[in-house]
Amino acid sequence: MTLRRIQAIARKEYYHLIRDFRSLYLAFIIPLLLILLFGYALSLDVEHVPTAVVDHDRTPESRDFILRLDASVYFDVVARPPSAAALTELLDRNRVILGVVIPPGWGAGLSADRVAPLQIVIDGSDPNTAGNTRAFITAFIARANEKNLLDYLNRQGREPVRPPVEGRFRVWFNEDLESRNFIVPGIIAVIIMIVGALLTSLVIAREYENGTMETIRSLPVRAGEFFLGKAIPYFFITLIDVLVAILMGQVLFGIVMKSSFWLMILASTVYILVALGTGLLISVKTRSQLVANQLAVLVTYLPSLLLSDFVFPQQNMPPVLQAVSKLVPATYYIDILNGLYLRSLSFGQLWPSFLMLALMAALIGALNIRALQREGL
Amino acid sequence: MDAEAVAVTDLVKRFGRFTAVDRISFSVRAGEIFGFLGPNGAGKSTTIRMLCGIITPTSGAGHVAGFDLFRGSERIKQSIGYMSQKFSLYPDLTPFENIRFYLGIYNVPPPDWPERIEWVFTMTRLSTVRDRPTRELPPGWRQRLALGCALLHRPRLLFLDEPTSGVDPITRRHFWDFIRQLTAQGVTVFVTTHYMDEARHCDRVVMINAGRIVAAGSPAEIVARVLPDRPQADLGDAFVALMQRGAP
């Protein structure tokens, strides 16, 4: 293993990289696009639910209810349809997600201390949003009831009683319940896979397609030197992308890492090695840029996105998929990043995930060396 | 280096059930131009790739540049130069960058780099296109550059696989002149070709067909032996005659 050979290969690879517009585009534009796209579009939070209210009652009580609903951050009363049929029309055309129908005599019932029913209609086509909307409207009505109860007791001249059970909520680790806070670590994991694995999946296949692999075979290059030389330029490109993602997370979304920056860099380094190794291995095995690229999307990018706890929670997956997700490197990387970003955990608490990533990197490296040796290096 | 730059005995290479090279034995003397002749598909490339340490023989024995074919492929690669018409330089790199790549791979000490780079540009007459992408150069120029790169580490043994295929006659003449200069400096040259007329540049040749050696010796010897009654015949005639007779 000589440093000079590794350097020669790394320099050559660097020239390929800076002269291939498509690679550079993939390396820098795509990550920026992803951050913006995921950061702004993939908000899993439910706020400002578009709401339509049909008021058949038209009393001060019903108007007061509508005003308070609109004042809440969770609901925007965007329409006041005259009839239930008009409400259906709005729901059909996707203009509102939530519909509230106040029946005639509602205010009178309320004043007379009778049960005053409200009809609530929720568009269930997106279960996640529907579930959150339902929880918000339930809480909103519960609070209204609490106030009504107290008013009633006051009117009766009794001591106000407190509800026997009162849950006092304190959310830990992501106090604002902002989904962006856990989206940013997920984006970083996906970006590393895209830049690391997709870019490197092309580089050895390209040597086969250009016939230069035969040149490499005829030269005194060892498998380890070739692997490292190929990986080094992409390592730095990917690391720059990580730093850009951290910076954009801070500037655009105000997400500041609470724990050690250097632990984050250490985790990223190991995870990048896994990504680069996977891409290079696919490249050696397929020998075709097109096939390698498709395969890299399939085995690196998609699992990182779908199985890593980023978009879909792992505890909701069937047991088979849960087992598969334990083999996805992004699972451990996102675990570390969440620990560092949201919970200020230390290495002492995160080491099992670090160990898994390190084992994966070592395994991928060994598989690469063996594959290259079989190719005559 | 001893008197034999290359010596192989009963060398065999099989790919699955297909025998590409079937028990060939020959030796190459230090300092000579050795021609390895045969039609396409005869096993020339397979043989040269075994000799250069790119693929491992199925069986047999041999050494190249003093290193064993089975155990010393790494040392062989470091000690020889290899140029093939089939493989190319990196087209998106400039000649200068290609040269620097080879210097690094051959582990040439950096203090020697400026002098070697100068030498290659003088030898290949490519100084004017030093910073142009290699893909823009005409094929003949690229071939000179490839040859220059194969000689950067000053090997004493040079393997050339079909070096002149697809090259115009003038460039071919320049090429052979240059090869003679090299042998004058004591470099051994092993060259494969399917152009029989080029064999006259060789001191000795081996003819191979369907993986087996069909004739060996100096070009004149082979012609005299195969076609004793036709004094005007050349190596091409002898080769055709050999092919018509079938394998010996």
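Confirm whether B:Leu157 is under 22 Å from the mean Cα position of the chain (by Cα) and more than 10 Å from chain A (Cβ to nearest Cβ). The answer is yes for B:Leu157. Scanning the range B:118-138 for residues that are out of contact with any Lys or Arg (no Cβ under 7 Å at 6 or more places or on another chain) and either away from chain A (no Cβ under 14 Å) or crowded, with 19+ Cβ neighbours inside 10 Å (or both) gives B:Glu118, B:Trp119, B:Val120, B:Thr122, B:Met123, B:Arg125, B:Ser127, B:Thr128, B:Val129, B:Arg130, B:Leu137, B:Pro138.
Restricting attention to the range A:65-114, the residues that are closer than 27 Å to A:Tyr152 by Cβ and within 39 Å of the chain's Cα centre (by Cα) total 14. Among the residues making up the range B:72-94, those that are touching a helix residue (DSSP H, G or I) at 6+ places or on another chain (Cβ under 7 Å), assigned to a loop (DSSP other than H, G, I, E, B) and of a type outside the set (D, E, K, R) are B:Phe87, B:Ser88, B:Leu89, B:Tyr90, B:Pro91, B:Leu93, B:Thr94.
Against the definition (in the same structural domain as A:Ser111 (by TED's automatic domain parsing) and in contact (Cβ under 8 Å) with a residue 40 or more places away in the chain), how does A:Thr88 come out, yes or no? Break it down into steps so the answer makes sense when it comes.
On the way: in the same structural domain as A:Ser111 (by TED's automatic domain parsing): yes; in contact (Cβ under 8 Å) with a residue 40 or more places away in the chain: no.
In short, no.
Does any residue of the range A:320-333 turn out to be in contact (Cβ under 8 Å) with a residue 12 or more places away in the chain, within 25 Å of A:Phe226 (Cα to Cα), crowded, with 16+ Cβ neighbours inside 10 Å and in the same structural domain as A:Arg222 (by TED's automatic domain parsing)? Yes: one or more hits.
Scanning the range B:95-117 for residues that are assigned to a helix (DSSP H, G or I), closer than 16 Å to B:Gln78 by Cβ and either within 8 Å of chain A (Cβ to nearest Cβ) or among the basic types (Lys, Arg) (or both) yields a total of 6. Check the range B:195-214 and report whether any residue there is more than 19 Å from the chain's Cα centre (by Cα) and buried (at least 18 other Cβ atoms within 10 Å of the Cβ). Among the residues of the range B:195-214, at least one is more than 19 Å from the chain's Cα centre (by Cα) and buried (at least 18 other Cβ atoms within 10 Å of the Cβ), which makes the answer yes. Exactly one residue among A:Leu273, A:Leu377 is within 14 Å of chain B (Cβ to nearest Cβ), in contact (Cβ under 8 Å) with a residue 60 or more places away in the chain and either touching a Phe, Trp or Tyr at 6+ places or on another chain (Cβ under 6 Å) or within 24 Å of A:Ser259 (Cβ to Cβ) (or both), and that residue is A:Leu377. A:Glu214 meets all of the listed conditions (1) in contact with a Pro (Cβ under 8 Å, 6 or more places away or on another chain); (2) among the acidic types (Asp, Glu); (3) farther than 24 Å from A:Ile187 by Cβ but one, namely (1). For the range B:215-241, the set of residues classified as buried (at least 20 other Cβ atoms within 10 Å of the Cβ), over 18 Å from the mean Cα position of the chain (by Cα) and not in a strand (DSSP E or B) consists of B:Ile222, B:Val223, B:Val226, B:Leu235, B:Ala238, B:Phe239, listed by residue number.
Here A:Val96 clears all of (1) buried (at least 16 other Cβ atoms within 10 Å of the Cβ); (2) outside any loop (DSSP other than H, G, I, E, B); (3) not acidic (Asp, Glu) except the condition numbered (2).
Kindly evaluate B:Asp177 against the criterion of being within 14 Å of another protein chain (Cβ to nearest Cβ) and part of a helix (DSSP H, G or I).
Numbers: within 14 Å of another protein chain (Cβ to nearest Cβ): no; part of a helix (DSSP H, G or I): yes.
Criteria not met by B:Asp177.
Restricting attention to the range A:196-237 and to residues that are part of a helix (DSSP H, G or I) and without any contact (Cβ under 8 Å) to a residue 12 or more places away in the chain, the residue that is nearest to the chain's Cα centre (by Cα) turns out to be A:Phe236.
Applying a threshold of 9 Å to beta carbon distances and a minimum spacing of six or more residues, or different chains, the list of pairs starting in the range A:238-259 at a residue that is crowded, with 21+ Cβ neighbours inside 10 Å and ending at one that is acidic (Asp, Glu) reads A:Ile255/A:Glu178. As for the range B:71-94, it holds at least one residue that is loosely packed, with under 15 Cβ neighbours inside 10 Å and away from chain A (no Cβ under 12 Å). The criterion of at least 2 residues that are surrounded by fewer than 21 Cβ atoms within 10 Å (Cβ to Cβ) is met, among strands (runs of 3 or more DSSP E) falling completely within the range B:1-68, by B:4-15, B:18-29, B:59-64.
Only one of A:Leu357, A:Leu372, A:Leu340, A:Leu281 is within 14 Å of chain B (Cβ to nearest Cβ), touching a residue at least 40 places away in the same chain (Cβ under 8 Å) and crowded, with 19+ Cβ neighbours inside 10 Å; which?
Details: A:Leu357 fails: within 14 Å of chain B (Cβ to nearest Cβ); A:Leu340 fails: within 14 Å of chain B (Cβ to nearest Cβ); A:Leu281 fails: within 14 Å of chain B (Cβ to nearest Cβ).
A:Leu372 is the lone residue from the list that is within 14 Å of chain B (Cβ to nearest Cβ), touching a residue at least 40 places away in the same chain (Cβ under 8 Å) and crowded, with 19+ Cβ neighbours inside 10 Å.
Reported count of residues in the range A:182-206, each being within 14 Å of another protein chain (Cβ to nearest Cβ) and surrounded by fewer than 22 Cβ atoms within 10 Å (Cβ to Cβ), is 1.
Considering the conditions (1) of a type in the set (S, T, N, Q); (2) touching a strand residue (DSSP E or B) at 6+ places or on another chain (Cβ under 6 Å); (3) surrounded by fewer than 22 Cβ atoms within 10 Å (Cβ to Cβ), B:Thr192 is excluded by exactly one of them, (3).
Can you tell which of A:Arg58, A:Arg19 is out of contact with any helix residue (DSSP H, G or I) (no Cβ under 9 Å at 6 or more places or on another chain), surrounded by fewer than 16 Cβ atoms within 10 Å (Cβ to Cβ) and either under 30 Å from A:Gly109 (Cα atoms) or within 14 Å of chain B (Cβ to nearest Cβ) (or both)? Even if it seems obvious, please write down each step before you answer.
Details: A:Arg58 fails: out of contact with any helix residue (DSSP H, G or I) (no Cβ under 9 Å at 6 or more places or on another chain).
The conditions single out A:Arg19.
The values are calculated or read from the model by the stated rules, or taken from the named source; none is laboratory data. Note that the structure is a prediction, hence the values are computed from the model and not measured. Quick reminder, even Gly has a Cβ in these numbers, built from the backbone with ideal geometry, and neighbours come from all protein chains shown.
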